[in-house]
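No lab work stands behind these numbers, since they all come straight from the coordinates. Because the structure is a prediction, the values reported are computed rather than measured. Cβ: placed from backbone, ideal geometry, glycine included. Neighbour counts: every protein chain shown.
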Amino acid sequence: MTPDVTDSLRPLRINAVELLRQPGAVRDVDAAVDPEALDAGHERVDGDIRVDLHLTAMNDGIEVTGTVSAPWATVCRRCLVDLAGVAVGQVDELYQIEPLDPDAYLIEDGQLDLAPLVRETALLELDLERQCRDDCAGLCPVCGIDRNAGSCDCDTTVVDDRWAALEDFVPDDQT
């Protein structure tokens, strides 16, 4: 029997009415969510997405702060070596019943749905290009050798053929 998607997203749906009754009230959300249930399937995601959020009721809404973490696996964009890690996105958002702030999320039907926020944060962090180290030399474009592990004698001079006709040009004042 496969788990129901709505059941796996239950920790991301909060009763906002109950929380808003007491400004200053807090609630923590600590959950692991399947990326497929969240519709955050990404080629780099390598496990459940961790949600560690702190909700604070205010007079005009609910402030949501914390982190969304997603384990990833990919290859270095320069040398193609396998890489893995955890992408961590910081969250600092406002939810309101009647949005006064243009960037605020909407509280609908008394429910605070954190799923879109978690999905957006995770996917933005997963889309970052990764490299094995800042000074990665990459692959030789001619022979393909990993320049971090060895060197080659290939000519990798970039030539723009549009200027080739001017290579033998000598200006009149230099003759």
Scan the stretch 33-56 for residues that are touching a Lys or Arg at 6+ places or on another chain (Cβ under 9 Å) and farther than 16 Å from VAL91 by Cα and jot them down. VAL33, PRO35, LEU38, ASP39, ALA40, ARG44
For the stretch 101-141 the number of residues that are exposed (fewer than 15 other Cβ atoms within 10 Å of the Cβ), under 17 Å from the mean Cα position of the chain (by Cα) and farther than 14 Å from VAL64 by Cα is 4
How many residues, within the stretch 35-56, are surrounded by fewer than 20 Cβ atoms within 10 Å (Cβ to Cβ) and within 30 Å of LEU100 (Cβ to Cβ)? 4
Among the residues of the stretch 48-58, is there at least one that is farther than 14 Å from ILE14 by Cα and more than 20 Å from the chain's Cα centre (by Cα)? yes
Restricting to the stretch 35-65, name every residue that is among the charged types (D, E, K, R) and more than 15 Å from LEU126 (Cα to Cα). ASP52, ASP60, GLU63
Within the stretch 34-43, can one find any residue that is within 27 Å of ASP7 (Cβ to Cβ), among the aliphatic types (A, V, I, L, M), touching a Phe, Trp or Tyr at 6+ places or on another chain (Cβ under 7 Å) and outside any strand (DSSP E or B)? no
